[in-house]
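The structure that follows is given in the form of structure tokens.
Computed from the coordinates by the stated procedures, all read-outs in this text should not be read as laboratory data. Everything numeric here is computed off the predicted structure, so don't read it as measured data. Every residue, glycine as well, gets a Cβ built from its backbone with ideal geometry; the counts of neighbours run over all protein chains shown.
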Amino acid sequence: MLAVEAAMRAYARKFGEDEDKWGIVGLLHDFDYERWPTIPDHPLQGAAILAQRGYPEDVIYAIKSHAGDDIPGCPRVSRLDKTLYACDELAGFITAAAMVRPERLRGLQAASVRKKMKQKAFAAAVNREDITRGAEQLGVDLNEHIQFVIDAMSGIADELGLVSALAANESAGRGVADRPGDE
Ligand SMILES: [Fe+2]
């Protein structure tokens, strides 16, 4: 959720949109999933709760429209809708790709994410078509989109638990060496 929020915030900045609003959409889009893991309860039950709480229409609509084409009458229309769809599965896939590297997100390139997308067994639960179609519908180049989301996630790598293990060791090493009176 935090990864999708970071990606949504970054795209809001890029597009000159309301960063907090876009961030909320990323943060909340799957909040009802644990309680209602099947479509159409997810995301419609969650959408109903958000409506009761007075969330803006466009936030609720974007969340409803992210569930693929399985919710009738909820096509992705606005850039907000399309950005959520484009970032959702991709953020999960990038997380999986980062987890198998000691450097995690650091230095991760779109090209190696593309390579992993071709390996059917890798993160098999992530639908590749959602990723490619998401970029297409948003009208962005897939490689640029992947790199953009990697960069957005890198900004909160510590919160995502995706800080390079190597970096942690390096700074721990420096910490010891830099202790005053340690000469
Ligand atoms: Fe979802």
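Give me the distance in nm between label points sitting 7 Å out from Cα along the Cα-to-Cβ direction at Gln109 and Glu34, one decimal.
A separation of 3.9 nm, rounded to one decimal place.
Counting other Cβ atoms within 10 Å, which chymotrypsin sites (Phe, Trp or Tyr not before Pro) in segment 69-156 have at most 15 and lie in a DSSP loop?
Phe122
Taking the Cα centre of the chain as the origin and placing charges on Cβ (Lys, Arg +1; Asp, Glu -1), which of Ile150, Leu108, Ala51 is farthest toward the positive end of the dipole?
Of the candidates, Leu108 comes out farthest on the positive side.
Residues in segment 3-41 near a label at Ile156, defined as backbone nitrogen under 15 Å from the 7 Å Cα→Cβ point?
From segment 3-41, the list is 3-13, 19-31.
Give the long-range amide H neighbours of Arg104: residues separated by 5 or more places, or on another chain, with amide H under 5 Å away, using H modelled in the peptide plane at 1.01 Å from N.
Ala165
While we're looking at this one, here's another question. With unit charges on the beta carbon (Lys/Arg positive, Asp/Glu negative), name the residue among Leu90, His29, Met8 whose Cα is farthest towards the positive pole of the charge dipole of segment 1-93.
Of the candidates, Met8 comes out farthest on the positive side.
To the nearest 20 debye, what charge dipole does the chain have about its Cα centre, counting +1 at the Cβ of each Lys and Arg and -1 at the Cβ of each Asp and Glu?
Using only the charged Cβ atoms, the result is roughly 560 debye.
Let me ask something else. Given the -39500 (n - 2.57) contribution per DSSP H run of 4+ residues, what per-residue ellipticity at 222 nm results for the chain, rounded to the nearest 500 deg cm²/dmol?
Computed ellipticity for the chain at 222 nm equals -19500 deg cm²/dmol.
Same structure again: If I take all pairs of Cα atoms in the chain, what percentage of them are more than 30 Å from each other?
24 percent
To test your reading of the geometry: what angle, between 0 and 90 degrees and rounded to tens, separates the Cα axis of helix 165-177 from the longest principal axis of the chain?
Roughly 40 degrees, rounded to the nearest 10.
Once you place label points 7 Å from the Cα toward the Cβ at Asn143 and Val100, how far apart are they in nm?
Each label point is offset 7 Å from its Cα along the Cβ direction, giving 2.1 nm.
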